[in-house]
1. I need 343, 97 ordered by Cβ neighbour count within 10 Å, fewest first.
2. Cα extents of the range 125-217 along the three principal axes, largest first, in whole Å?
3. Most exposed first by the Cβ proxy, i.e. fewest other Cβ within 10 Å, how do 134, 44 rank?
4. In nm, to one decimal, how far is the residue 155 label point from the residue 103 one, both placed 7 Å along Cα→Cβ?
5. Could you tell me the calculated FRET efficiency between residue 143 and residue 346, based on Cβ-Cβ distance and R0 = 35 angstrom, to the nearest 0.05?
6. How long is the gain from residue 327 to residue 132 if the chain were fully straight, where each residue apart is worth 0.36 nm and the alpha carbon distance is subtracted?
7. If R₀ is 41 angstrom, what is the calculated FRET efficiency for the pair residue 112 and residue 334, using the beta carbon separation as r and rounding to 0.05?
8. Please give the contour-minus-distance gain from residue 49 to residue 189: 0.36 nm per residue of separation, less the Cα-Cα distance, rounded to one decimal in nm.
Ligand SMILES: Nc1ncnc2c1ncn2[C@@H]1O[C@H](COP(=O)(O)OP(=O)(O)O)[C@@H](O)[C@H]1O
Ligand SMILES: [Mg+2]
């Protein structure tokens, strides 16, 4: 049998069932219902139908738990995300939704929405350290924070970046936090940075203030209810609703938050190797709708998803990303994502761009209905109709 996945030859025959091509269409089923193994510890996400056959996504049987959804506005990406999130939740897997538009929440699922808006109670502190996370020293946290600010305010000059770095370093020192791990349980409040910048008469610092004012005004990194990684990993769907924030703060917030998640999982160590259950394999599914805000090329290799997407698998993360164009994703991300779903294109230009990658035909992409898509695993493709949440029991 010809391998269906690149580099996955050994696994393929167990996971994919191929039926004889019908009407010149080659069809692949991730799993046909009647052939599903009767095992409770594997994830089986019901997606929808291909003709009258049920199609499931079984991330534990693939190379990784990553999934990319492409399609024009109104194609059904967000609805597909709601379906996947509720299925994962039902099966007991924690989900984090990063929601730039504020429309990802699913009804009737176990969801905890944290609306991030001006002065909202929910917060996290990007400068907080933890003695458990040895690699995140005050210097590393400072560099990361400045990187993230720079990615999101790319016109920030080198002097302003250096200035910010020095301010954060001094603030750690002032708070008694040094390279000694014993001091890392002390917290550097973001307010300290704000006060320092606001009260400075230095010209560079004053120009820096113009960039950071939104962060201060929205009180992004302070509040009364901390969004802790621990509670996210405990279960349910944590829904970060970033809709109320201005564009530049949305991506900054998501960028810093995902870094925090990454470091926390890194501290938990890699998932075990060998024959493991899906519960051991997947600690968290992270879903980002409109992911282009986090992967766009202008952010280069430093953008959080560009930087960590390929490594997230070994720390137990399945990444589900939706965007309009395949070109929003770097080649590295694309080659590390096991499953892609290409939904309806909005116009010819979009169809042309997406078809360059998917090769199913521009017309085919334009003619798809809402909720329909071409599911692609390796070289195999199947046309699929996602069953929306309102048609599920
Ligand atoms: N699986 C589906 N089956 C039927 N209709 C759907 C499906 N998914 C989406 N739709 C319809 O398409 C509209 C747009 O869906 P949405 O998920 O918001 O698209 P996108 O996120 O791609 O812009 C929905 O309001 C719904 O009416
Ligand atoms: Mg949408």
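1. Values: 343 27, 97 24.
Taking fewest neighbouring Cβ atoms as first place, the list is 97, 343.
2. That works out to 35, 25, 22 Å along the principal axes.
3. Working: 134 11, 44 21.
Going from sparsest to densest Cβ surroundings: 134, 44.
4. Distance between the two pseudo-spin positions: 3.0 nm.
5. On the way: r = 40 Å, r/R0 = 1.13.
In this case the efficiency is close to 0.30.
6. On the way: separation 195, 0.36 × 195 = 70.20 nm, distance 3.79 nm.
Taking 0.36 nm per residue and subtracting the Cα distance, the gain is 66.4 nm.
7. Details: r = 32 Å, r/R0 = 0.77.
The value I calculate is 0.85.
8. Details: separation 140, 0.36 × 140 = 50.40 nm, distance 5.09 nm.
Taking 0.36 nm per residue and subtracting the Cα distance, the gain is 45.3 nm.
Bear in mind these aren't lab numbers, they're just calculated from the coordinates by the rules spelled out. This is a predicted model, so every value here is computed, not measured. A quick note on method: Cβ atoms are made from the backbone with ideal geometry, for glycine too, and the neighbour counts reach across all protein chains shown.
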